[in-house]
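Structure, as structure tokens:
The values are calculated or read from the model by the stated rules, or taken from the named source; none is laboratory data. All of these numbers come straight from a predicted model, not from anything done at the bench. Neighbour counts run over all protein chains shown; Cβ positions are idealised from the backbone, glycine included. Only protein heavy atoms, including side chains, enter the accessible area calculation; ligands, DNA and RNA are left aside. Shrake-Rupley method; radii C 1.70, N 1.55, O 1.52, S 1.80 Å.
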Amino acid sequence: MEQLTDQFQSTVKSLLIRHQSILDILSKGQETSARVNRAVVKSVTSCGCHSINAQKKPIPPDANLADLKELLNSQLEGFICDNCRDIIEAELGKQLFYIAALSNALDISLTDVLDHENKKLQTLTIFNLT
């Protein structure tokens, strides 16, 4: 995995030409995030391969933190179709591009970010609360 993230970050560094300003990188990152959100929404509203059943989930008073994993869910119903999957994957790829560009601009290793976050998650487990 380390080699893949390092290679991806290096490739982004070599390809980023137009949006090298930190302001451009931040705004493009925000734009790609919005495009990911829009693609997921369109899988519900235009395609219909997904539907959303969003409502407050009842949580029993005696439920503990570990129970929440079973009680709560994504509120998505259905299965993503191949077309929507392709679109969302493409948008996520663009988002990852600008995350790598931001990391490069700030001289931060994505491998280190992933490693630190993974260690934190493994240490805190369900108490991470994100």
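With the condition kept exactly as written, say whether any residue in region 59-73 is modelled with pLDDT under 90, open to solvent by 90 Å² or more (accessible area, probe 1.4 Å), out of contact with any Phe, Trp or Tyr (no Cβ under 6 Å at 6 or more places or on another chain) and part of a helix (DSSP H, G or I). Yes, the conditions are met somewhere in region 59-73.
Annotation: D86 fulfils all but one of (1) in a loop (DSSP other than H, G, I, E, B); (2) without any contact (Cβ under 8 Å) to a residue 24 or more places away in the chain; the unmet one is (1). Can you go through I80, I108 and tell me which one is of a type in the set (V, I, T) and closer than 30 Å to T45 by Cα? After applying the criteria, what remains is I80. Taking region 107-130 as the range and being without any contact (Cβ under 8 Å) to a residue 40 or more places away in the chain and not in a helix (DSSP H, G or I) as the test, the residues that pass are D107, I108, L129, T130. Total residues in region 74-83 satisfying the condition of being among the charged types (D, E, K, R) and assigned to a helix (DSSP H, G or I): the figure is 1. Scanning region 9-23 for residues that are surrounded by fewer than 17 Cβ atoms within 10 Å (Cβ to Cβ) and either within 20 Å of the chain's Cα centre (by Cα) or among the β-branched types (V, I, T) (or both) gives T11, I17, I22.
Taken over region 1-47, the criterion of being outside any helix (DSSP H, G or I) and either in contact with a helix residue (DSSP H, G or I) (Cβ under 7 Å, 6 or more places away or on another chain) or without any contact (Cβ under 8 Å) to a residue 12 or more places away in the chain (or both) is satisfied by L16, I17, R18, H19, S21. Here the condition is being of a type in the set (G, A, S) and within 22 Å of L4 (Cα to Cα); of S103, S74, S43, it holds for S103 alone.
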